[in-house]
Each structure stands twice: as C-alpha cells, then as structure tokens.
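The next block holds one structure in the form of structure tokens; read it before the comments.
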Amino acid sequence: MTFDASEQEGRRGALPPWLKRLGSLFITLVVTLFGLLLVTFMIGRVVPIDPVLAAVGDRASASTYHKVYLALGLDKPIWEQFLIYVNQVLHGNLGESVLTSRPVLEDIGTVFPATLELSTVAILIGTLVGIPAGVLAAVRQGRLSDQVVRVLGLVGYSAPIFWLGLLGLLLFYAKLGWVSGPGRLDVGYQFSVDRITGLMLVDTALEGQWDAFWNAVSHIILPASLLGYYSMAYISRMTRSFMLQELGQEYIITARVKGVSERRIIWGHALRNAAVPLVTVVALSYGNLLQGAVLTETIFAWPGLGMYLTNSLGSADMNAVLGSTLVIGAAFVALNLLSDVLYTFLDPRVRRQQ
Amino acid sequence: MTPLLEVEDLRVSFPTRHGRTEVVRGVSFSLGRERLAIVGESGSGKSQTGRAILGLTPPPGKATAARLNFEGQDLRNATPKQWRDLRGRRISLVMQDPKFSLNPVMTIGRQLMEAATRTSQTRAEAKDHALAMLEAVQIRDPLRVFKAYPHELSGGMGQRAMIAMMLIPEPDLLIADEPTSALDVTVQIEVLRILDRLVTDRGMGLIFISHDLRLVSSFCDRVLVMYAGKVVEELRASNLAQAQHPYTQGLFNCLPKIEGGIRPLPTLQRDAEWAR
C-alpha cells in the first residue's frame, strides 16, 4: 500500500505538510507580485507620456519642470527608481491621480467595490445557471435540450455585450419597467446610504434599509444578468465537455452496476469529478469580470474600475492606470490562490502530493 | 430447474460510417451456478457480451437477443427500475483496472457504502457489512482501506476492494471482465484465489472473461471460445487439449511451455472462414 508520503516526512521531523504548503503559497505570492510590479513599472517607463508634463501641465516654466523632474526621482538610475516605486507601493502609495487629484488608492477604494459587487453577482448567476445547463446538455447529448443550451450559449458568446445591454435597457427598463435604469441606486437613496464596505447590497442590508436594498437589487440585476449570461455561455460549454468526459469513465459503469440512481451518478459521481477543472474555469471567468467590464459599466453608468480605467487612459493619467493595473493583477493572483486552495478540497490526489 | 442465465442469439452492434457493425454476432449459452469462461483475443466481443448481459451496452450501441433470461426473468425489456434492482443485488461486474473503475474523488468507504446501504437496514449495519466484506477479501486493516482514496491503494488492494464492493449484495451472478489482467503476476494469483473462494463459498455463478486460456482452464468448469463476435467452440475446461477448432488449438499452442521444446513458437494462423 502506498500510504501517505507526507506522514513519513513528518516522522523524519520535517515541517508539517500544511505549513509547507502555506509556505510555498506565500513564496508564489511574493514572486508573482514582484513580477507584477516589475511589469507595471516597465509599462510606466515605456509609454510615450512625459510624467512631469502630465503633472505640471504644458504651460509650466522650465524651473518648475526641473523641480518636479527631480522630485519624481527621474534623474536617478532606473533600478533605483524601481526600488523607490516598490517601496511606495508597499507603503500603500500608488501616487496621485492627475484627473481627480486624490490618491489613486483612495480612488480605487471607491470604484473597485462597485465592480466587485457587479462581478460577484454576475459570476453567481453565470455559475448557478451555467453548470446545471452544461450538465443537462451533457446528459441529454444531441437531443433538443442540448441544442437549446448550445444555441443560447453561442448567442451569449458572440453577441456584442453593449448591444445586448442597450436592448436589455430598452426592453426591461424603458418598455416593461421591470428593473431600474443605469446607476447603482435611485437618486433619492443615493445620500441616505452610509458607506461601510462600498458594496451597495451589503451596506443597505447592514443598515437595515430594505427599501434601498431592493432598489439596489433592481439596479444591479440587469447588468449582472448580462455579464452573467456571458460567463454562463462559457461555463456551460466547459461543463458539458468535462461532464461528457467523466460520464464515459469506467467508474460510472461501476456505479451503474451497484444500482446507484441515475441522479446520484450524474450529480454525485460525474459532476464531483468534473468540479475539479471547473474551479479553474469559474475562477478565470471571475477574474475577467473583475477587470471591470468597460462597455457594460459605460452603458449602465456603473462607477466601477472599468470606467475609472478608461477615463484615466483617456487623460493620460498614468498613476491611475498603473494603480488599477496593479489591483487587477493582484485580484488575479488572489483568485488563482483561491482556486489552488479549492483544488485541494476537491481532489484528494492533489492533497497528498503537496 | 431453470438455469441461472440463458442467452440465445445475442447480438451487439455499433453504428459506424459504413452502417451498423456487429461486434457480437449471435452468441448463445446457458449458465447454472458454475464457472464459465469466455476466452478470445482483443475485439472478439467477449467484453461486450458481458456488458450486454448487464444492459450496459454503451450508447449508441445496441444489444438484441432472441432470449435473455435471468432466473426466468426476461431482461430484454427490463425497465430502468428493474435493471437497478437486478444490478445492485443479483448481478455484479468486476472490471479490469481499479485505477479506472473506482471513483478517484470518493473514499473507498463511501463507494462501498453505496452498495451496502441498498441491502442493509441501517447505516451502521451497512458499514459493518462493508468492513466484513473487506476482511473477506483478505485486507488486513479494513478500517484504513475504508477511509482511503483509490489512489492511495496499490493495484491488487484496489481490485480486492472492488471485488468486495461487488460482492456486498451477495449477487447470484458475477461477471469478472479480465479481473487480473492489470495486476502484477504475483498479485494475480492472490486475487484469483480470493475470487475462487468467495465464488465457491457463496455458490454464485461466474462468467470469467479473459484472454488467458491457461489461467482459465485451471479456474473454470467450462470454456467458450469466441472469435470475431461468435462462439467458435464450447468445451469442458479439462478437455482443452482436445479442442477441435483450429483457433482454439492455435491459442493453446502459441503459449510457451516451461519444458521448452517448440521453437519458434507457432503464431496464430487465421482463416477468414472462421468469421463467417
């Protein structure tokens, strides 16, 4: 029997496996974030935007220009500039936004929760609809329900999202009045909700303002469904192919021979195995949403990261652009770590190898 | 007395680009509480014969038969519910490689319990039954194996767990589809011995599917030799040396003997006539 290599190592007096795992996760995190900083720093040097000019404006005198040039440390060697940059970032200083003349970190603190809220609701919709739809398509392969899921997915995948968004607004907001229009809240509620987490649904619920809560729901439901539809299309296709693969495995025959019910075979045996690669698919979709869906945020006047990033790019606000990029990168790293952790829960084979 | 299993003119076909291809072409046999071996080379249809008896011909394949009776019950038009009752309790199947036939993300215990809870009243009783069964396949530390995941067991251990799982409901018929082919030679004998004892003790019928004629002749009562989807010869295992069909003779003669002698070993000479 090949029992548990980690146990033997434990006997040899090495570190306990969970600590080793945590350590390796930490090292991965540090290395990845360092790489991320290097990339954003390089982008900042490569783009043809003069950071001094962006800060002082083109009518400043030569002496002002030179003062700011020195203040920004641009006379120092490039590696020293990089160290200064890393040092600043580690102290939570992402510079000041030229556009809003507020610290970039503060700006991101305001816009990121809006994107986080929208993406989270969207990925929940995408997952809760996409996985069952994919399972159904796999189980009824080649039949009508499979075709329906395929066509719905194809439409979701290929229709431009701004077009669907406009149609959705026209139909559900303007014509039918089922949902609220652009923005996160009606104007009437906008100043009555105190900011706790920045997530409207959470804040209103915490404060017990249920009117405002339902108002926020009616605002988020359309853009979130739209983005959710988009990720649903991808998730359902992937679920279908993973499920088909698992349903063809021999352990499914074993379960059938044991007389296990078809429902348990599908949801307990096959999906339980398909869940392992699905974690990555869902995490990647979520990561894509967290970058801020620029078009969706624009159409729905959603003050999120995508909109902030676009505005900053338009006005060459490099501090804001680099800061946002850094936050998006960090979100990706965090999601990857999370899916790594989920892997160990879902797949016993990974658990033992660590 | 009605035989345990009656099969008459069993045919299994799969659609291909050139129309339906039959992989089992009219197999007939009947089985009491005895050990029947089905022997043949890869693709001879022996595994599909076993699957068809369990109603597990993989779609889009189709199985038909003039007669397919299990203890007098006609299996040809069994409902899904009837199949579930049969499969869980009366007929079982052990497959070749425990690496694939056990669910990798479930503990052995949970997989055993799926079989055990169907025949036991309470969960505690089911667990006792499962552990007792693990002991019956000569696993020394049943509780440890019960808690283990399939990848933590060796091949022989996994196959024993598989046999335990399939024998929990005390079926009347066990189909063993190359149950030892994926195992080391030394482990093979051990697993066979366990299987042998359990089948004898419980008085089950056994269909032993294999490509190993020698192994089968020492282990079974009767041998069906299949070639290209047909039974070309049926004979008592003890009379294997007196086989009439040239294919059986060929299979028998192309095995090396420990006393040496024949050199080079004869290869199988096929005759298109056999497949007719």
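The values are calculated or read from the model by the stated rules, or taken from the named source; none is laboratory data. Computed from a prediction, not measured in an experiment: that's the story for all the values here. Positions of Cβ are generated from backbone atoms using ideal geometry, with glycine treated the same way; all protein chains shown enter the neighbour counts. Each accessible area value is taken on the protein alone, full model and side chains, heavy atoms only, with ligands, DNA and RNA left out. Shrake-Rupley method; radii C 1.70, N 1.55, O 1.52, S 1.80 Å.
Which of the aspartates and glutamates could be linked to A:Lys76 by a straight reach, that is with a Cα gap under 15 Å, when you skip same-chain ones fewer than 8 residues away?
Within the straight-line limit of under 15 Å, A:Lys76 reaches no aspartates and glutamates at all.
If I ignore ligands, DNA and RNA and count only protein heavy atoms, how much of A:Thr32 is accessible to a 1.4 Å probe, in Å² to the nearest 10?
A:Thr32 has an accessible surface of roughly 60 Å² with all protein chains in place.
Taking only Cα atoms and a 10 Å spring cutoff, compute GNM fluctuations for chain A and point out the largest among A:Leu33, A:Leu244, A:Leu74.
A:Leu74
Going by alpha carbons, how many degrees (0 to 90, nearest 10) lie between the helix axis of B:155-167 and the longest principal axis of chain B?
Helix B:155-167 sits roughly 80 degrees off the main axis of chain B.
Would you mind calculating the relative contact order of chain B from Cα pairs under 8 angstrom and at least 6 residues apart, reporting the percent as a whole number?
In percent, rounded to a whole number, it is 23.
Could you work out how far apart the two model spin labels at B:Ser154 and A:Leu337 are, taking each label as a point 7 Å from the Cα in the direction of the beta carbon, and quote it in nm?
Output for this residue pair reads 4.1 nm.
Could you grab the relative contact order for segment A:191-285? Cα pairs under 8 Å, six or more apart, rounded to a whole percent.
It comes to 23 percent, rounded to a whole number.
With label points built 7 Å along Cα→Cβ from the Cα atoms of B:Ser238 and A:Val47, find their separation and express it in nm.
9.1
If one takes the longest principal axis of the Cα atoms in chain B, at what angle in degrees, from 0 to 90 and to the nearest 10, does the Cα axis of helix B:185-202 lie?
70
Among DSSP beta bridges whose residues both lie in chain B, state the antiparallel percentage, nearest 5.
60
With each pseudo-label sitting 7 Å past Cα toward Cβ, what's the A:His91-B:Arg144 distance in nm, one decimal?
Calculated label separation equals 5.8 nm.
Assuming a strict under-17 Å limit between Cα atoms, what lysine pair count do you get for chain B once near-sequence pairs (fewer than 8 apart, same chain) are dropped?
5
Top mean-square fluctuation among B:Met157, B:Met226, B:Met106, Gaussian network model of chain B, C-alpha springs under 10 Å?
Of B:Met157, B:Met226, B:Met106, the most mobile in the Gaussian network model is B:Met106.
Mind listing the phi-derived Karplus ³J(HN,Hα) values for segment A:192-208, rounded to whole Hz, using 6.51, -1.76 and 1.60 with θ = phi - 60°, and x for any glycine or proline?
Those phi angles translate into 8, 9, 7, 8, 10, 9, x, 8, 4, 4, 6, 4, 5, 5, 4, 7, x Hz.
Any idea of the total accessible area buried by the A-B contact, 1.4 Å probe, rounded to 100 Å²?
For chain A against chain B, roughly 2700 Å² becomes buried.
Given the options B:Phe100, B:Phe29, B:Phe208, state which has the largest fluctuation in a GNM of chain B using a 10 Å cut-off (strictly under) for Cα springs.
Maximum fluctuation in the GNM of chain B, among the listed residues, is at B:Phe100.
Share of antiparallel DSSP beta bridges in the protein assembly as shown, in percent to the nearest 5?
The antiparallel proportion sits near 60 percent.
So how much slack lies between A:Leu295 and A:Lys67, counting 0.36 nm per residue of separation and subtracting their Cα-Cα distance, in nm?
Using 0.36 nm per residue and subtracting the Cα-Cα distance, I get 78.1 nm.
Dividing the Cα radius of gyration by the Kirkwood radius, what Rg/Rh value follows for chain B?
Here the Rg-to-Rh quotient is 0.98.
Near B:Thr49, within a Cβ-to-Cβ distance under 11 Å, what is the net charge of the other residues, with Lys and Arg +1 and Asp and Glu -1?
Neighbourhood net charge equals +4.
Over all directions, how big on average is the projection of the convex hull of the alpha-carbon atoms in segment B:67-164, in square nanometres?
The directionally averaged projection comes out at 7.3 nm².
Between A:Arg102 and A:Ala159, take the C-beta separation as r, use R0 = 41 Å, and let me know the FRET efficiency to the nearest 0.05.
The value I calculate is 0.65.
Only helices at least 20 Å long along their own axis, judged from Cα atoms, and with Kyte-Doolittle mean hydropathy of -1.0 or greater: name those in chain A from DSSP H.
Span-like helices here: A:17-46, A:104-139, A:144-158, A:210-247, A:271-290, A:318-346.
Under a 1.4 Å probe, what is the accessible area of the protein assembly as shown per residue, stated in Å²?
On a per-residue basis, 50 Å².
Pairs of Cα atoms under 8 Å, at least six residues apart: use those to get the relative contact order of chain A, whole percent.
Dividing the mean separation by the residue count of chain A yields 26 percent.
State the volume of the convex hull built on the alpha-carbon positions of chain A, expressed per residue in Å³ and rounded to an integer.
Once divided by residue count, the hull of chain A is 208 Å³.
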